[in-house]
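Chemist: One structure, as structure tokens, below. Some questions next.
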Amino acid sequence: MSSWASCGARSTRVGPKPVVDATGTDRVEGCDLCEAARITPWFHEDEVCWIAECEICYVPMVVWRVHGVVPPPADLAHMHRELARVAVDCLSVEHYVDDNMRNIPDHYHAHARPKGGFFGHGLKRKAAPTEGA
């Protein structure tokens, strides 16, 4: 695992029944993104989304809190704005947003990938700010 020191449309569902969690958003039993396990560093969370390091790609990944693939335009804009903020804070290179949901195609998420690349393995991270700086 790498270290990051500084840092209403919904799809039709087929399969497990959604469950409403304590935040009032729906999730699907067995969905890794709905579970939102804290297995990598987290950078941001709010009522719309959360952003953590992708355990496969080692880049910041934003996840919509609703199980579906078509967020409303306001939620999508919010998620991309927060992902860009985190990417600027954490990455030492320019980034692009990749929302091709390859491994989990039924739950919206997007990655901030290094421009000209795909993975964050070996990518130089910005240093943590020092006290009083």
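Chemist: Full extension from residue 81 to residue 32: what is 0.36 nm times the residue separation minus their Cα-Cα distance, to one decimal in nm?
Modeler: On the way: separation 49, 0.36 × 49 = 17.64 nm, distance 2.33 nm.
That works out to 15.3 nm of additional length.
Chemist: Measure of size requested: the Rg and Dmax of segment 40-114, with Cα atoms as the atom set and Å as the unit; please supply both.
Modeler: For segment 40-114, the Cα radius of gyration and maximum Cα-Cα distance read 11.2, 32 Å.
Chemist: Note down the relative contact order for segment 40-114 as a percent, whole number, built from C-alpha pairs under 8 angstrom at least six residues apart. Don't skip to the end; give the middle numbers.
Modeler: Numbers: 127 pairs, mean separation 23.3, N = 75.
Taking the mean separation of contacting Cα pairs over the length of segment 40-114, I get 31 percent.
Chemist: Further, regarding this structure: Residue by residue, what Karplus-based ³J(HN,Hα) values in Hz, rounded to whole numbers, does segment 58-65 have, using 6.51, -1.76 and 1.60 with θ = phi - 60° and x for Gly and Pro?
Modeler: 6, 10, x, 9, 9, 10, 5, 6
Chemist: Taking θ = phi - 60°, what integer Hz values does the Karplus form 6.51 cos²θ - 1.76 cosθ + 1.60 yield along segment 34-40, in sequence order, with x for Gly and Pro?
Modeler: 3J(HN,Hα) across segment 34-40, in whole Hz: 5, 5, 6, 5, 8, 9, 10.
All of the numbers you see were taken from the coordinates with simple rules; none came from a lab. Keep in mind it's a predicted model, so treat the numbers as computed, not measured.
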